[in-house]
Amino acid sequence: MPRALWTAWVWAVIILSTEGASHQASSLSCDPTGVCDGHSRSLNSIPSGLTDGVKSLDLSNNEITYVSNRDLQRCVNLKTLRLGANEIHTVEEDSFFHLRNLEYLDLSYNRLSNLSSSWFRSLYVLKFLNLLGNVYKTLGETSLFSHLPNLRTLKVGNSNSFTEIHEKDFTGLIFLEELEISAQNLQIYVPKSLKSIQNISHLILHLKQPVLLVDILVDIVSSLDCLELRDTNLHTFHFSEASISEMNTSVKKLIFRNVQFTDESFVEVVKLFNYVSGILEVEFDDCTHDGIGDFRALSLDRIRHLGNVETLTIRKLHIPQFFLFHDLSSIYPLTGKVKRVTIENSKVFLVPCLLSQHLKSLEYLDLSENLMSEETLKNSACKDAWPFLQTLVLRQNRLKSLEKTGELLLTLENLNNLDISKNNFLSMPETCRWPGKMKQLNLSSTRVHSLTQCLPQTLEILDVSNNNLDSFSLILPQLKELYISRNKLKTLPDASFLPVLSVMRISRNIINTFSKEQLDSFQQLKTLEAGGNNFICSCDFLSFTQGQQALGRVLVDWPTEYRCDSPSHVRGQRVQDARLSLSECHRAAVVSAACCALFLLLLLTGVLCHRFHGLWYMKMMWAWLQAKRKPRKAPRRDICYDAFVSYSEQDSYWVENLMVQELEHFNPPFKLCLHKRDFIPGKWIIDNIIDSIEKSHKTIFVLSENFVKSEWCKYELDFSHFRLFDENNDAAILILLEPIDKKAIPQRFCKLRKIMNTKTYLEWPVDETQQEGFWLNLRAAIRS
């Protein structure tokens, strides 16, 4: 048994066979690597019988209420423990004492009212700790985290009862990558409570009111990189210049998520930007501005700029009194230093020309998911607007004319990257005008069905994914990257049109094959993504793809996304795993082999027919079929001859000069049927033979060496063999003209040989004295 299977079996036995815990243990699903999943299983306690084989244990979203010091004592190799979303109200002191390898602990959203530092005293390597959503009011009487030197992510607090932060709470923590504090109802913040943490990369604060916000900022402004404020009403926020004495702050980014502003509080925030000098990036996400944008009566005129802010991001901005909103001209002068602006999904339909002209340092502008149209874009991209703008994103707006859009942007002389995806252009004109430095263009999801010379020849990156294109025949001499997935292309583009192409993503089309020659024709191609197409797994295609070991370095989605669509017996299989039969891959060779085999078979059949007289049997079968159409025995009135004489031409003298004279000139005379005299001219000779035999009372065979060698004698003997011998009568008279070895008679005439062995035949005597008796016996035989 393989080692992995043996380990899995032993593990299953250990877990499932524990007495008294069979039901709960069976609710866990564990793999051989020690990852156990028991979330959402309605468990009311931690399953017993857990061993040191468990490395990850997920018991979240259950009904567990109690954690004892025996539940996890054997899980000494446990690294991840998820106990979130349970009903845990008690954790015994040493419950986690043996988990010295634990790196991730989630106790969020339980019913813990008191936290104990003894829980964490042996968790030296713990990196992640989540205590959110419990019912405690404080973080305990002693420092909880002094024994966690490697902690990097900490989440504490709740939305209701957590009201106090004290100086001891975060003692012992030196560096945190992320600290999240949920304190919507915070009432007490003891100064320097967060100052003990020397460096915090990202601090997330959930505060309902900003009463203590400035106090917190004072403590963290020199140790924090990014501050994120969530779910806060800043209507009463006031920033005092004297609040922050340190000018060299470390805060580089401010994020306001689901925060409410007024005109007054917005001005206070702008002041903050000026005095916290290190802020480079500000983000407003899903915020609400409860005002009308009238900043003229406020002290905004004393603020000359937004500090050092270079990046401004606004997403889902709500302005309830939008139709009363002022033109914001009073804040235009503050925007001169901003380099990157993103305003997404905020119902923006116009950027006033005057504002565009004030954005003199702007290099990047993203107005995605708004209401911009050609008419408003004309005003926004006016003369002297955005003079240094390099990237413009107008994704998912209301643009309809590609030609007009290009012309309106001619004022942006430095524009090199334009994203106008998810607009409804539908068609593309033959020619367009674009800014002279255009290098990147995104036309994905614009419903265009063909590409024309409208596209600028200076492009280096082109994205036309998710359209209705069925071909690509543009010559773009500088294009380096082409994104053309989710279209209807049947083949790869012609490499001669794209001489410097290095990246091509052409997945989810209807391409059924590509060859080594096609790939080699793209001399600079380094990355190709062509999965998700309807590949015909022909022998050539499989030979190429399976035989190229280095193919995976070019095909970034190889082999998982490359599957066969046909032939039907390999449909759905990965191209890498598909196998075709020898007959499918070497059809010409198989046909040639079959033809050779058929030729050999025919040759062998010919040899066997010659050796075993197969031709004779075929002739006899035909004759037999012809004879079957006639009556089995001719009526008496149809008998015309006393005997049909079958003889060899070399024996004609004896027949014609002796037999005929003795029989036809006898009294009464016998009437003989001779082929020379009585066969009907023009009638098929075989029919003559059959009719003559059937119209004769007897058939006389004049046997000799010449007879055996004669072809026509064989026919006559053959037909009599069928017609006469099969009736078991005595219609045949054999005359042995000369001695014949019976072995000379062919084996196929088995009944003739039998008759010669069992019945008397007439021998022509050499002695003339005995010849009269021969004729007498012959006449008697004919009359019988």
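The values are calculated or read from the model by the stated rules, or taken from the named source; none is laboratory data. Being a predicted model, the structure only gives us computed values, none of them experimental. Note: ideal-geometry Cβ built from the backbone for every residue, glycine included; neighbour counts use all protein chains shown. Surface accessibility is based on the protein's heavy atoms, side chains included, excluding ligands, DNA and RNA. Shrake-Rupley method; radii C 1.70, N 1.55, O 1.52, S 1.80 Å.
Taking amide H atoms as placed 1.01 Å from N in the peptide plane, the amide H of I314 lies under 5 Å from those of F284, T342, I343, E344, each 5 or more residues away in sequence or on another chain.
Axis angle, to the nearest 10 degrees, between helix 3-16 and the longest C-alpha principal axis of the chain: 60 degrees. In terms of accessible area, using a 1.4 Å probe and ignoring ligands and nucleic acids, F599, F96 rank largest first as F599, F96. The heavy atoms of D384 offer some 100 square angstrom of accessible surface to a 1.4 angstrom probe. Helical runs assigned H by DSSP (4 residues or longer) give the chain a calculated mean residue ellipticity at 222 nm of -6500 deg cm²/dmol, each run adding -39500 (n - 2.57) before division by the residue total. Taking the charge dipole of the stretch 439-531 about its Cα centre, with +1 at Lys and Arg Cβ atoms and -1 at Asp and Glu Cβ atoms, the residue from I506, L482, S444 reaching farthest to the positive side is S444. Counting only heavy atoms of the protein chains and using a 1.4 Å probe, K383 has close to 150 Å² of accessible surface. For the stretch 425-476, rounded, prolate or oblate, judged on the Cα gyration tensor with a ≥ b ≥ c (square roots of eigenvalues), a/c < 1.5 rounded, else prolate if a/b > b/c? Because a/c hits 1.5 or more and a/b exceeds b/c, the stretch 425-476 counts as prolate. A dipole drawn for the chain from +1 and -1 charges on Cβ atoms has a positive end, and of C226, G278, H665 the residue lying farthest that way is H665. Most simply put, the chain has about 5% antiparallel DSSP beta bridges, counting only bridges with both residues inside it. Were the residues from C609 through E656 laid out at 0.36 nm apart, the gain over their Cα-Cα distance would be 13.3 nm. When a 1.4 Å probe is rolled over the protein heavy atoms, the share of accessible surface on the stretch 28-150 that falls to carbon and sulfur comes to 44 percent. Per residue, the accessible area of the chain comes to 50 Å², computed with a 1.4 Å probe over protein heavy atoms only.
Overall, the stretch 28-150 carries a charge dipole of about 180 debye about its Cα centre when +1 sits on the Cβ of Lys and Arg and -1 on the Cβ of Asp and Glu, all other atoms neutral.
Accessible surface comparison of C595, C564, C353, probe 1.4 Å, protein chains only, largest first: the order is C595, C353, C564. Rounded, prolate or oblate: which one fits the chain, using the alpha carbon gyration tensor with axes a ≥ b ≥ c (rounded when a/c is under 1.5, else prolate when a/b beats b/c, else oblate)? Judged from the Cα gyration tensor, the chain comes out prolate (a/c at least 1.5, a/b above b/c). Charges on Cβ only, +1 for Lys and Arg, -1 for Asp and Glu, centred on the Cα centroid of the chain; of Y641, H326, V125, which one is farthest towards the dipole's positive end? Working it through, the farthest residue towards the positive pole turns out to be Y641.
Once you order the gyration tensor axes a ≥ b ≥ c over the Cα atoms, which shape class does the stretch 28-150 get: rounded for a/c under 1.5, otherwise prolate or oblate by comparing a/b with b/c?
Cα axes put the stretch 28-150 in the oblate bin.
Listed values for the stretch 314-331 are Karplus-derived 3J(HN,Hα) couplings in whole Hz (6.51 cos²θ - 1.76 cosθ + 1.60, θ = phi - 60°), namely 10, 10, 6, 7, 9, 10, x, 9, 4, 6, 9, 5, 6, 7, 6, 4, 6, 9, and x replaces Gly and Pro.
Counting only protein heavy atoms and a probe of 1.4 Å, the accessible surface of the stretch 301-396 is 54% carbon and sulfur.
Computed about the Cα centre, the dipole magnitude for the chain is approximately 2100 debye when only Lys and Arg (+1) and Asp and Glu (-1) carry charge, each at its Cβ. Under the convention that each Lys and Arg Cβ holds +1 and each Asp and Glu Cβ holds -1, the size of the dipole of the stretch 363-494 around its Cα centre is about 300 debye.
When the solvent-accessible area of the stretch 634-697 is split by element, carbon and sulfur atoms take up 52 percent of it, the probe being 1.4 Å.
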